[in-house]
Amino acid sequence: MTNSGTHHRVPTTPTTGRRGTGADASDLAPLPDWLTTGALVLDTRTGRRGEVQDWPYPASATPTRAWLRPVGGGREWTPRIADLRPVEAGERP
């Protein structure tokens, strides 16, 4: 059996199906090019840095959240993509 292409480059939570993860039309935006698996990003709401993890989502859903793993370990979290930005070279740990 082969992978049918349901696995995407950006880990996210689905935008439908679970309470609290839905998105309205104002949340939908094109995904930034820098948001790729393994990228180091800053969650601007919390000030935490994390590495983007691979997380499949339904092809019919527009992602609004990413799955991040803390640098050095710890509990993962799923911030809004709109609250993320890439970590600059001078900000790396």
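Tell me whether region 1-13 contains one or more residues that are on the phi < 0 side of the Ramachandran plot, among the β-branched types (Val, Ile, Thr) and modelled with pLDDT of 50 or more.
Yes; the residues of region 1-13 include at least one that is on the phi < 0 side of the Ramachandran plot, among the β-branched types (Val, Ile, Thr) and modelled with pLDDT of 50 or more.
If you take the residues of region 29-38 that are at pLDDT 90 or above and under 10 Å from the mean Cα position of the chain (by Cα), which of them is most open to solvent (accessible area, probe 1.4 Å)?
THR37
The values are calculated or read from the model by the stated rules, or taken from the named source; none is laboratory data. Quantities reported herein were computed from a predicted structural model and do not represent experimental measurements. The protein model used for the area step is the full one, side chains on, heavy atoms only, and it has no ligands, DNA or RNA in it. Shrake-Rupley method; radii C 1.70, N 1.55, O 1.52, S 1.80 Å.
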